[in-house]
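Undergrad: What follows is a single structure, and I will ask about it in a moment.
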Amino acid sequence: LGSFIDNGTSKLYFNGGSKKKIESKLHKINLTIPFKWKWENQIKEDWHLAWQDNFKPIIIDDQLEIIPHWQEKKEGNIVVKIKPGMAFGTGHHETTSLILSQMLKYIEPNMSILDLGTGSGILSICAMKMGSNNVDAVENDIDCKSNFKENLKLNNIKNGITYHHKDVLNWNTFEYDIILVNINHSIINKLIPKIQSISARVILSGLLKENYSDIKILLKKHSIKIIEKVTNGEWLCLNILCQ
C-alpha cells in the first residue's frame, strides 16, 4: 500500500490478510541479506496519512527533485514523481541518492542506460528525464512490476524504457553507455566478473563502507579501475571503468 524510510528503518504498509505471504518472502530475503523486522497494526482510517506525511520531497544536487505522486510539479529542476509501493526506491535511501548524484554528473543526452535491479524504476525514470533515449530496466522481483509501471505513467513516459523480468546475473548484454547497479554486495561480487571487459561506465551502489576493501581487491583482480568513490553515512558508491 505504501512505504517510507524513517531514521534508517523502512516502514511498509499492507492490507490485512497478507502477513503469511509476506513473512515467507521476508524469510527468503533474510537468508542472503540479514535484517530484523516486526509487525504493528495500523488503525484502518489513518494508515495512508502515516506514510504520506513522512514521504517528503528530496532534492539531489539542486538539480533533481523527487516528489510524492500526490504533489504538484514545480518548474525549474528535473522533477520525478514516485508512488511509494512494495518496490525499493523513493530516493530517500543513501544508496539511491548517491547513485542519482553520479547520474547527474555523467548522463548526457541520447545515452543508452542499463538499470540492474530497477525496483520502483526511479533510476530508469531519472535517466530518461536527464536525456537518455534508451533504458533497459531489469528486475527479478515480479512484485515490483506494477509499481514500476505505475511510476512510468505518473511521469508520462510511454516509450524509451523497457522492463525485463529477469535475474540480473542472467543478463548478458552490456553494450550501453552507462550501467546502473543499486543492489546488494553479494550480487555485485558475482556481477563484476561478467562486466570485466565491457566499455560502459558502471556506477555501483548498495555497498557499505565496510565492503570497500573487499570490493577494491575484486575490481583490481578483474582490471577494473575505480574512477570515483563517494559516501553518505555508512553507504558507498563507486564509479568504475574497465582498464
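Undergrad: Filter segment 213-243 for residues that are open to solvent by 30 Å² or more (accessible area, probe 1.4 Å), within 20 Å of T32 (Cβ to Cβ) and out of contact with any Pro (no Cβ under 9 Å at 6 or more places or on another chain) and give the result.
TA: Hits for segment 213-243 are D214, E234, W235.
Undergrad: Run T162 past the list (1) hydroxyl-bearing (S, T, Y); (2) under 18 Å from I122 (Cα atoms); (3) surrounded by 14 or more Cβ atoms within 10 Å (Cβ to Cβ) and report the number of the one that doesn't hold.
TA: The number of the failed condition is (3).
Undergrad: Can you say whether I67 is open to solvent by 60 Å² or more (accessible area, probe 1.4 Å), at pLDDT below 95 and β-branched (V, I, T), as far as the supplied structure shows?
TA: In short, no.
Undergrad: If you take the residues in segment 100-113 that are touching a helix residue (DSSP H, G or I) at 6+ places or on another chain (Cβ under 7 Å) and not in a helix (DSSP H, G or I), which one is least open to solvent (accessible area, probe 1.4 Å)?
TA: Applying the filter and picking the extreme gives I113.
Undergrad: Return the pairs, sorted by first residue and then second, in which the second residue is open to solvent by less than 10 Å² (accessible area, probe 1.4 Å) and in a helix (DSSP H, G or I), the first residue lies in segment 180-194 and is modelled with pLDDT of 95 or more, the beta carbons are less than 6 Å apart, and the residues are 6+ apart or on different chains.
TA: L180/L123
Undergrad: Regarding segment 174-191, can at least one residue be identified that is open to solvent by 40 Å² or more (accessible area, probe 1.4 Å), within 19 Å of L123 (Cβ to Cβ) and basic (K, R)?
TA: Checked segment 174-191: no residue is open to solvent by 40 Å² or more (accessible area, probe 1.4 Å), within 19 Å of L123 (Cβ to Cβ) and basic (K, R).
Undergrad: Also, quick follow-up: Under the condition of being farther than 22 Å from S146 by Cβ and among the basic types (K, R), which residue from segment 73-117 is modelled with the lowest pLDDT?
TA: Going through the qualifying residues, I end up with K74.
Undergrad: May I ask you to list the residues in segment 114-136 that are among the aliphatic types (A, V, I, L, M), within 23 Å of Q63 (Cα to Cα), open to solvent by less than 10 Å² (accessible area, probe 1.4 Å) and not in a helix (DSSP H, G or I)?
TA: Those that are among the aliphatic types (A, V, I, L, M), within 23 Å of Q63 (Cα to Cα), open to solvent by less than 10 Å² (accessible area, probe 1.4 Å) and not in a helix (DSSP H, G or I): L114, V135.
Undergrad: Within segment 4-53, track down each residue that is modelled with pLDDT under 75, open to solvent by 70 Å² or more (accessible area, probe 1.4 Å) and in a loop (DSSP other than H, G, I, E, B).
TA: If the condition is that a residue be modelled with pLDDT under 75, open to solvent by 70 Å² or more (accessible area, probe 1.4 Å) and in a loop (DSSP other than H, G, I, E, B), then N7, G8, N15, G16, G17, Q42, I43, D53 are the ones that fit.
Undergrad: Could you please give the count of residues in segment 195-208 that are at pLDDT 95 or above and open to solvent by 30 Å² or more (accessible area, probe 1.4 Å)?
TA: 1
Undergrad: Let me ask something else about it. May I ask you to verify whether F174 is more than 28 Å from K81 (Cβ to Cβ) and in contact (Cβ under 8 Å) with a residue 60 or more places away in the chain?
TA: On the way: more than 28 Å from K81 (Cβ to Cβ): yes; in contact (Cβ under 8 Å) with a residue 60 or more places away in the chain: yes.
Taking the combined requirement at face value, the residue satisfies it.
The values are calculated or read from the model by the stated rules, or taken from the named source; none is laboratory data. Being a predicted model, the structure only gives us computed values, none of them experimental. Using ideal geometry, Cβ is built from the backbone for each residue, glycine included, and neighbour counts are taken over all protein chains shown. Calculation scope for accessible area: heavy atoms of the full protein, side chains included, ligands and nucleic acids excluded. Shrake-Rupley method; radii C 1.70, N 1.55, O 1.52, S 1.80 Å.
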